[in-house]
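Notes to accompany the following structure.
Each value in this text was obtained by applying a stated rule to the coordinates, not by laboratory testing. Model, not experiment: these values are computed from the prediction. Cβ coordinates were reconstructed from backbone atoms using ideal geometry, including for glycine residues, and neighbour counts include every protein chain displayed.
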Amino acid sequence: MKALATYYATLHDLTDTEFKVEIFEDGPVKKISVNGNVYEVDYNLGGDTIHSMIMNHRSHGMQITSLGNSNYEVRHMGDYFQISVIDELQKMRLARTRSKVIGRQVITAQMPGVIMKLYVKQGDEVKSGDPLCVLAAMKMENEIRSPIDGIVKEIYIKDNDKMTVGDKMLVVE
């Protein structure tokens with residue numbers, strides 16, 4: 001079964017524990033998976049922050065308030081939680097920024113899409129975080145940035161190229 005969307009949730013009190021949430025069916029009753037356990041969930045919004053959920057034939061009322069930056073405050077039956085929820089693209093970006101990269105970097109397409117704009121040319125000097133190109137995927141424009149300070153050594157793409165996962169785009173060293 002292919003997920004329609006995948007999210008990763010982390011409780012602020014348990015930052016080393018991550019929950020993978022996949023949505024398989026959308027509609028009045030949603031089929032979701034949390035760390036591989038599948039649930040059918042009936043979900044309704046009862047106000048700005050009041051949510052009602054029926055899961056496994058049990059009703060749960062909770063208050064969910066957005067704190068901004070993918071962070072939420074959840075109150076349920078006297079318990080209080082703060083959680084962070086990110087999607088797959090945000091998770092990928094976090095993984096790239098948290099790991100120290102050195103040496104030759106081959107930048108590949110992390111998702112299928114179309115190159116909308118190429119910002120650099122071969123021989124350009126770039127700093128870590130500088131935009132290299134824009135990859136349009138899933139109705140979103142994703143700016144691909146340099147993982148290191150370096151020189152653009154090779155370019156395999158041009159505007160309007162169609163990309164698949166793993167296609168080489170650029171080399172920075």
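Please list, or write none, the aspartates and glutamates whose alpha carbon is within less than 18 Å of the alpha carbon of Lys20, excluding same-chain residues fewer than 8 places away.
Excluding near neighbours in sequence, the set is Glu40, Asp87, Glu88.
Number of Lys-Lys pairs in the range 100-172 under 19 Å by Cα, sequence gap 8 or more or different chains?
15
Where in the range 1-23 is the amide nitrogen less than 14 Å from a point lying 7 Å along the Cα-to-Cβ axis of Glu40?
The answer is none.
Could you tell me the center-to-center distance, by alpha carbons, between the range 121-173 and the range 74-89 in angstrom?
Here the answer is 34 Å between Cα centres.
Report the extension gain between His76 and Asp167 in nm, rounded to one decimal, defined as 0.36 nm multiplied by the number of residues separating them, less their alpha carbon distance.
On the way: separation 91, 0.36 × 91 = 32.76 nm, distance 4.52 nm.
Between His76 and Asp167, full extension yields an extra 28.2 nm.
Ranking request for peptides 39-45, 53-59: highest mean number of other beta-carbon atoms within 10 Å first, then the rest in descending order.
39-45, 53-59
Report the one residue of Ser128, Tyr43, Val106 whose Cα lies farthest in the direction of the positive end of the charge dipole of the chain (charges on C-beta: Lys and Arg +1, Asp and Glu -1; origin at the Cα centre).
Of the options given, the answer is Val106.
Can you give the charge dipole size of the range 5-88 about its Cα centre, rounded to the nearest 20 debye, using +1 on the beta carbon of Lys and Arg and -1 on the beta carbon of Asp and Glu?
On the way: 5 positive and 13 negative charges, 50 e Å.
With Lys and Arg at +1 and Asp and Glu at -1, about 240 debye.
Multiply the residue separation of Lys153 and Ile50 by 0.36 nm, subtract the distance between their alpha-carbon atoms, and state the gained length in nm to one decimal.
Details: separation 103, 0.36 × 103 = 37.08 nm, distance 5.31 nm.
The span from Lys153 to Ile50 would gain 31.8 nm if fully extended.
Which FRET efficiency, nearest 0.05, do Met140 and Leu67 yield, Cβ-Cβ r, R0 25 Å? Please list the in-between numbers first.
Details: r = 23 Å, r/R0 = 0.92.
Calculated transfer efficiency: 0.60.
Return the label of the correct value of Cα extents along the principal axes in Å, as calculated from the structure shown, out of (1) 61, 31, 29; (2) 64, 36, 27; (3) 60, 41, 39.
(1)
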